[in-house]
Amino acid sequence: MQIGLVDIDSHHFPNLALMKLSAWHKKQGDEVGWGDMFGVYDKLYMSKVFTFTADDLMVYEAKEIHKGGTGYSDYQTILPDQIEHIMPDYSLYGIDYAVGFTTRGCPNKCKWCVVPKKEGKIKAHAEIAEFWSGQKEVVLLDNNILASDHGLRQLGWSIGKCR
């Protein structure tokens, strides 16, 4: 299958969902690349993190188009577990650091924040080893890692491993 990926707004920071989708589809033997208006795709994934980012106005040719992310005010769509818990395809952005979440959710209910609506209360999500493959740096995207015993244990683990 031909898979196209469109990163609507994360041009300065890699989109974790797209890296996971890329890894999963490559594992299935699919051809994966950045979507463009000249390509023809079996599936096209569009991901948007921020609501203030303008939508992509390009026209794509695809049998299926999937739009997801908080930027689309989509709080229900989540990646299936087999994709959510796969090693991200860091080659998609050419980065040399690891990116991921050890926890999801937040115990706070700040008026301006969508995290409690989208992810609920804080809970364990993954171990750093799930998305780290020896890089010198790890970027944790947790919303409130210090509010979780699991998050604190992961920080302790990372001090020993990521030196």
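Observations
Listed here are the residues, each with its yes/no results for (1) in a strand (DSSP E or B); (2) open to solvent by 50 Å² or more (accessible area, probe 1.4 Å); (3) of a type in the set (Gly, Ala, Ser); (4) farther than 19 Å from residue 9 by Cβ.
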position: 41; (1), (2), (3), (4): yes, no, no, yes
position: 44; (1), (2), (3), (4): yes, no, no, no
position: 55; (1), (2), (3), (4): no, yes, no, no
position: 63; (1), (2), (3), (4): yes, yes, no, yes
position: 76; (1), (2), (3), (4): no, yes, no, yes
position: 83; (1), (2), (3), (4): no, no, no, yes
position: 87; (1), (2), (3), (4): no, yes, no, yes
position: 108; (1), (2), (3), (4): no, yes, no, yes
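- Test result for residue 71, closer than 24 Å to residue 123 by Cβ, of a type in the set (Gly, Ala, Ser) and in contact with a His (Cβ under 9 Å, 6 or more places away or on another chain): no
- Positions within the stretch 12-39 being buried (at least 21 other Cβ atoms within 10 Å of the Cβ), touching an Asp or Glu at 6+ places or on another chain (Cβ under 7 Å) and either part of a loop (DSSP other than H, G, I, E, B) or of a type in the set (A, V, I, L, M, F, W, C) (or both), in sequence order: 15, 18, 19
- Tally of residues being open to solvent by 50 Å² or more (accessible area, probe 1.4 Å) and of a type in the set (Gly, Ala, Ser) across the stretch 89-106: 2
- The sole residue among 94, 71 that is under 23 Å from residue 23 (Cβ atoms), within 17 Å of the chain's Cα centre (by Cα) and part of a helix (DSSP H, G or I) is 71.
The values are calculated or read from the model by the stated rules, or taken from the named source; none is laboratory data. Quantities reported herein were computed from a predicted structural model and do not represent experimental measurements. With ideal geometry, Cβ positions are generated from the backbone for all residues, glycine too; neighbour counts draw on all protein chains shown. Accessible surface areas use protein heavy atoms only, side chains included; no ligands, DNA or RNA. Shrake-Rupley method; radii C 1.70, N 1.55, O 1.52, S 1.80 Å.
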